[in-house]
Amino acid sequence: MDKYLYENYALFGTVPKEKRSLTDLARGVLANPLYHYLLFGAVMLVVGFLSATKVLPYSLQSGMAITFAYSLASVGFCLLMGYSGLASLGTGGFMGIGCYAIHFVMTEAGLPFGVALVVALSIGVVLGLIVGVVSLRIEGIYLVILTLGLSEILRNLYIAVQDSIYLSSFKLLGITIPRSASVYVVTVLLVVIMMLTHNLIVSPTGRAMLAMKNSTAAAQAMGISLMKYRLLAFVICTVYAVLSGMMLMITIRSAMATDASGFYALITSLNILAAVIIGGFRSIWGAVFGTFIMYGLQTMLLNRIPFLQENPVIITFVSGILVVLVVMFYPGGVAQLVQEVRMKLRKRRMARREEKYGKD
Amino acid sequence: MAKTKLFPTAQQRLLPLQQRRRRLQLQLDALEQTVSARQAEKLAAYGAKLDRSLMKDAFAACDKEAYAQQILEQKLQKFDVRQNMDRRAVNHGCSKAIFTAVEAGGDWQELLKKQRQELDALEHKRSEYLAKLTAEKEAFVAKNSSADGAGYEKAKEKAQALYESRRTALETEGQQLVAKKRAKLTGQLAALDRRIAGIRSGVRSETLPEDVLLRVKGLKMYFGGLKAVDDVTFDVKKGEIFGLIGPNGAGKTTVFNCITRFYDATDGSIHFVNKEDEVVDLRQFQVHDVILQGITRTFQNVELVREISVLDNLLVACTREYQSNLLVQALGLPSLKREEEALREKARRILKFMGLESYANWLAFGLPYGILKKVEIARALMSDARLIIMDEPAAGLNDSETAELTETIRRIRDEFGVTILLVEHDMSLVMNVCDTVCAISFGKMLAIGTSRQIKENPAVQEAYLGVEGDA
Amino acid sequence: MAYLLNVILGTIVPMCVTALVTMAITIIFKTSSTTNFAQGVISAFGAYVVAAALNKLNLSIWLALPIGVVVAVAIAVAIDVLIFRRGRYVNALGKQIITMGLISIIVGAIPLIFGMQTPQFRVFVEGKVSFMVGGQDVTVTVNALVCLAITAVVLTAIFMMLQFSKWGLSVRATAANEYVAGMLGINTHVITAISWGLAGALGTLAATMNGGINQVGVYFMTGYQVNAFLAGILGGFATFYGPVIAAFMIPLANNLVVYLANVMGKPELSSWSLVIVYGLALVIIFFKPEGIFGKRTVKKV
C-alpha cells in the first residue's frame, strides 16, 4: 500500500511493485510448465518415501521405479516419433546397452557408476549416430524394419556374450542404495530428463524437428539440415533408452537376454511405442502416462484384484485393444482427451458465467 | 536430391566462418548500445534500491491525510469491482425472471420490487463498508503524528549524492567495458578475416556484371533419357521481378529446383551474388545451405508446420540464425530467451507488414488457404534473403486474391529491396508484375524479354496456343 | 562334404517356415501397404488351434492342420474387415502400430483361451532317411522332406495364381495402386480380405511346420517374422519372388556360418551366427535400399 509514497516521494522513477497474493504466486508457478515437472517429482518422491517406509503399500515404490525407468525410453521415443516423424523398433536393443554396461563395468570390473554411465552413453551415442545415418538413406516402414533388425542383432549379441546379468549392490557417490531406494534415483533422473526434453521441444531445435517431420523439402529450404536433426533425434532417443536400461538394471538388479518378454526383446520396443501412442504422440506427460498404463498399472494397482492377479495377460489384451482403438479413433491419444476435456470445462465455465451475469 | 559430398569444398568451409563473421560484426555494431542499455538497467536497479530505503523517511514526511485517503480509495475500488459483478448478476437474473413472468402473465411487478430491494441492499452494504473504511482512516490519521519533513530531506540529499556517484562509476565502467569488448571483437574479426582470406585465396572467383544478381548459364538437367531442362540461360538483375513461364511440364519447377539445389544439375553453372556481396557458385552448396547465401523459396502447395503457431512458423526460417547451441537450448538459458524475443519482434514486424498480425498466435492448422500462402511469403521474408523464389504463388487463389498478391509482391520488392523470381503460369500475374520474363517450353528456352515483348513473341504464342492451322 | 550336406538338409524346415511367413508378409504388404507385425502371433494362434485339435480332439495332424488354417483365416479376415478397412485413412505408420496392438491382443488372448501350459505337438511324418556320401552318413528327417514338398507346392501354386489367374492380376493391380485399381472396377475389399486370409493360412502352415521342430509358444514365430521382414527388404518388396528367395537365403546363411565356424575350428563363433547374418543383411540393405531384386526409383520433389 505504498503506492502513494512512491508516487509522491520516489526520487528515481521507481514504479511500485504490486504485492502479489499467495494465490497469484501459485498461479504464476502453475503457469510455467517447468514447475509442473518439479511438482510431479516432489510428489512422487514423497509417495516413494511413504511406500518405502510402508505407510503406503510396499509394492508401490518398485512399480513406480519400473514405470519411471521405462518412461525415460518413452520420452525419448516421443521426441523421435512425435517431433521428428521417425519411427524405430530398436528401443529394446538400445536399453540392453545400459543393462550390460552396468553388468560389465560395475559388477564385473567393480568400477563406479559414473564410468558405467560414460561407457553406456558413448556406445548409445555411436549407435544413435549409426541409425541416424541409416535413416538418411532408408525411410518409413523400411527404417522401422531395419531398426528392428538392429535390435535383434543386439539381442543376439547379448545372448552370445552373456545371457544372464546382474547387479549385486549399487553405490552412488559412495552411498549404497538398496532396491527399495532406487525409486528416488529414477524419479530425479526422469524429472531432469522431462525438463530438458520440454526445453528442447519449445526451442528452435524442436521447431526444426517438427518442420522436418511435416515436409523434408520445406525444412531443407529453410536451412534445416536433415542430417543434423535426424542424427540428433536418434542420438537423443538412443541415449534416453540407454539411461532407461541402466535405471531398470538398478531397479530390478538382474536380466535375462533369452527371456522372450524381457527388457530387450521386441515386446519392449512395441510396448514403448504403444505407450507413446496411448499417451499422445507429442506429449511428454502422455508418454509417461502411457508407460504407466503399459507397465505400472499392473504392478501398482491391478495386482490387488485377485482375478487379474491370476490372469495377468488380460492387461496385455486390454492394452492391445486400447492401442488399436486409439490409433483408429483417437489419434491424439490421452493428451488429446485431456485437451478436449479442458476445453469443455472452460466452455462450461463460460456458459455458467453467462448464465449468471449475462453476455458481455 | 543433390548428393552430399564427402569432403566440404572451400565455399562450404567458408560458410560457417562467414556466418560467424556476420554475427560478430552485428555484435560490434550494437556494442555501445547493448552496454549502455545494461548499465542503465543496473542504474535503475540501484535507484529502486535507494527509493526503497527512502520510504521510511518518506512516510514520516508525508501528508497522512492524503496517504490514508489513497488507501481508502484503493480498498473501495476493489470492493466496487466485486460489487459490480453482484449487481450485474442481480440485474441479469431478475430481468430474466421478469421476462418469463411477463410472458406467462405472472406478477412481474412483485419481481421488479424484489430487484429494487436487492439493489438497495447492495447499496446499503457499500455505504456500510465506506463508513468502516472512513473510521479506519480517521483512526490512522489520529494515531500517526503529522508530517516531519527534516529527516526525509536529509535522506534525500544523501540518496541523490549516492545516485550521482553510482552513475558516473557505471558510465566509466561502461566505457571500459566497451573498449575491452571492442578490442576483443576486433581481434576475433581480424583473425576470422585472415582465415576467410586464406581459404578464399584458393577459390577461383567468378565475376558478374554489376547489376546481375543471379546468372544461370547452360543449365541442363536430365532424368535418365528425359531432358527436363536443356540449355537454359538467363540473368536475374538486382531488384527486379523476374518471371519464369511455360506450359505444364516445361521444366520451370526443375529449373528452380536446380537453383535451390533440390536437384543436382547435370551440367551448367549457376552463379549468385550472396549476402557478403561475393559471387558464389551455387552448385557447391548443399540444399540446406542455400538459404545462408540469401536465397529462399515458397512452395506451390503450402508447406507450413501445422502443429505450431503462425509466429513460430516464421521462426522456423531463422533456425540457422540462433547462436545458442544445443546445451543452451536444452537448459533454456536466458541468452536463448533474449535471442528468441528479438526474432519474435522481427517476426511480428513482418506479420504486420503482411497484414497478418491478428493471426500471429493461431495454429497454422485450419487457417484458410489464402492466409497460409501469405504466411509462407512472410516466412520467406524472415531470412533477410536477397532472392525470393516463388513457386506458382497464384495457384489456388481467386482473382481478387491474385490482385492482392500482385500488390504484395511489388510492396515486398520495394520495402525489403529483394529480388523476386516467380515461377508461374498464371499469365495475368506475370504480365502485371514482372519486369523481365523468360519463357521456356519442353526444357528449352523460347524467349527472354519484357512482358510486352514476350506477349508478342510468336514462339511463345505458339507454345501456349499451338501452331495456327494445327488445331 | 557330408557335414555340409547335413547342415543344409537340417536347414530345410526353417527355410520353409521363413519362406511361407515371408510370402504372407509380402502379400499383405503389397495389398494393404503395411508390414504386418502381428503375422507371427496370428501364426502362433493357428498353431495353438492345431495343438488343441491334436490333443483335445485326438485328431491326426492332417486333420488338425485344416482346422487351424480355417480359424487363422477367419481371424485374419476379421482383422482386415473389422479393423483395417475402417482405418483406411490411417497413415502407414498408424497401420503398422495397429498391427503392433494386435500382437498384444493375441498374446493376451492365447493364454486366456488355451491355458498357460505349453501344448504338445507332432511332426507330419516320423522317421529318417539316411544315405552315404563319400563314406559318411547323411541324415534327413522325412518330416523335412514333407515340409519341403508342401512348401514347394503351396508357393508354386501362389506364384502361378499371381501370374496367370484373374485374382493374381487383381492383386498385382491393387499392389501397384489401390485407388486406381478400385476405379478400374476391381473389388479391392475382396482382394485385401483374401490376401489377409491367405496370409493367415500360410502363417498357420508355417507355424505347424515349426511346431514339429521347436517348442510352441506365444512368441515362437517372432524370430521367423523378424527374418521375414529382413528378407522382405533384402529381396525388395517390389517383387513377390525377391523376398521369398531372400527368405530361403537367411536361415541357410545362418547355418552356413555355424558350419564355417566349426570347420575353422572355432565353435564358439557359432553363437554369433545370427549377429553376423543380420549384420551382413543390414550392410547390403544400407548400400542397396531398394533390395537385391528391386529397382531404383527417382524421387520427385
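None of the figures in this text is laboratory data; all of them are computed from the coordinates on show. Bear in mind that the values here come from a model prediction, so they are computed numbers and not experimental data. FYI the Cβ positions are ideal-geometry reconstructions off the backbone, even for glycines, and counts take in every protein chain you see.
Here the Gaussian network model covers chain C, with springs between Cα atoms less than 10 Å apart; of C:V133, C:V107, C:V77, C:V133 fluctuates the most.
For chain A, which semi-axes, largest first and in whole Å, follow from the square roots of 5 times the eigenvalues of its Cα gyration tensor?
38, 27, 24
Taking chain A as the reference, fit the longest principal axis to its C-alpha atoms, fit the long axis of helix A:266-279 to the helix C-alpha atoms, and give the angle between the two in degrees, 0 to 90, nearest 10. That works out to roughly 10 degrees. With R₀ set to 41 Å, the beta-carbon distance separating C:R86 from A:T258 gives a calculated FRET efficiency near 0.60. Candidates B:A364, B:C94, C:I83 compared by Cα position along the dipole of the protein assembly as shown: farthest toward the positive end lies B:C94, with charges placed on Cβ.
Between the residues B:P209, B:V229, B:N248, the greatest Cα displacement towards the positive end of the dipole of region B:207-288, with unit charges on the Cβ of Lys, Arg, Asp and Glu, is found for B:N248.
Per-residue mean of other chain beta-carbon atoms within 10 angstrom of the beta-carbon, peptide C:107-119?
3
The stretch between B:A183 and B:N361, if pulled fully straight at 0.36 nm per residue, gains 59.9 nm over its current Cα-Cα span. Centre-to-centre, using Cα atoms only, region A:215-253 and region B:9-53 are separated by 33 Å.
Taking other Cβ within 10 Å of each residue's Cβ, how do B:R379, B:R349, A:R207, B:R413 sort, fewest first?
In order of increasing Cβ crowding within 10 Å: B:R349, B:R413, A:R207, B:R379.
Compare the Cα positions of A:L297, C:M100, A:P57 along the charge dipole of the protein assembly as shown (+1 at Cβ of Lys, Arg; -1 at Cβ of Asp, Glu; about the Cα centre) and return the one farthest towards the positive end. Farthest towards the positive pole: A:P57.
Listed by chain and number, the lysines whose alpha-carbon sits under 24 Å from that of B:K374, ignoring those within fewer than 8 places in the same chain, are A:K213, B:K238, B:K252, B:K346, B:K352. For the segment A:207-216, counting C-beta atoms of other chains within 10 Å of every residue's C-beta and taking the mean gives 6. How about C:K288: which aspartates and glutamates have a C-alpha closer than 14 Å to its C-alpha, ignoring those fewer than 8 places off in the same chain? Output for C:K288: A:E139. Within region C:50-192, the ratio Rg/Rh, alpha carbon atoms throughout and Rh by Kirkwood, equals 1.08.
Say R0 is 30 Å: what FRET efficiency, to the nearest 0.05, do A:R20 and B:E65 get from their beta-carbon distance? Efficiency, rounded to the nearest 0.05: 0.55. What does the convex hull of the alpha-carbon atoms of region B:66-203 project to on average, in nm²? With the hull built on Cα positions only, its mean projection is 22.3 nm².
Each Lys and Arg Cβ is given +1 and each Asp and Glu Cβ -1; about its Cα centre, region B:158-275 then shows a dipole of about 720 debye. Rg and Dmax of chain C, based on Cα coordinates, read 19.8, 64 Å. Just checking the listed ones, C:E178, C:E290, C:E126: in the Gaussian network model of chain C with Cα springs under 10 Å, the one fluctuating most is C:E126. Placing a pseudo-label 7 Å from each Cα along the Cα-to-Cβ vector at C:Q215 and C:T118 gives an inter-label distance of 0.2 nm. Note on the protein assembly as shown: Cα-only Rg and Dmax are 36.8, 126 Å. Distance distribution P(r), chain B, all Cα-Cα pairs, bin width 10 angstrom from 0: 3, 13, 18, 16, 13, 11, 10, 9, 6, 1, 0 percent. Given their separation in residues at 0.36 nm each and the Cα-Cα distance between them, B:K220 and B:I199 gain 4.6 nm when the chain is fully extended. Taking chain A as a Gaussian network of alpha-carbon nodes connected by springs under 10 Å, the highest mean-square fluctuation of the residues A:L157, A:L190, A:L270 belongs to A:L157. Helix C:92-114 and the longest principal axis of the Cα set of chain C meet at an angle near 60°. For the pair region A:102-173 / region C:179-244, the C-alpha centres are spaced 31 Å from each other.
Quick check: Cα centre of region B:171-240 to Cα centre of region B:111-141, how many Å? Here the answer is 75 Å between Cα centres.
Just the C-alpha atoms of region B:212-465: what Rg/Rh do they give, with Rh taken as the Kirkwood radius?
Using Cα coordinates only, the ratio equals 0.99.
The calculated 222 nm mean residue ellipticity attributable to helices in chain C amounts to -23000 deg cm²/dmol, summing -39500 (n - 2.57) over DSSP H runs of n ≥ 4 and dividing by all residues.
Would you work out the charge dipole size for region B:63-146 about its Cα centre, treating the Cβ of every Lys and Arg as +1 and the Cβ of every Asp and Glu as -1, and quote it to the nearest 20 debye?
220
Between helix A:226-252 and chain A, what is the angle of the helix's C-alpha long axis to the longest principal axis, kept within 0 to 90° and rounded to the nearest 10? With rounding to tens, the tilt is 70 degrees.
Note on region A:105-180: the C-alpha convex hull projects to 6.8 nm² when averaged across all orientations. Per the Debye calculation on region B:63-146 with a single equal scatterer at every Cα and no solvent contribution, log₁₀ I(q)/I(0) for q = 0.11, 0.12, 0.15, 0.19 Å⁻¹ amounts to -0.46, -0.51, -0.65, -0.83. With helices as the sole contributors, chain A gives -23000 deg cm²/dmol at 222 nm; each DSSP H run of n ≥ 4 counts as -39500 (n - 2.57), and the sum is divided by every residue. The lysines whose alpha-carbon is closer than 29 Å to the alpha-carbon of C:K128, local same-chain residues fewer than 8 away aside, are C:K56. Here the gap between B:R22 and B:M427, fully extended at 0.36 nm per residue and compared with their Cα-Cα distance, gives a gain of 141.8 nm.
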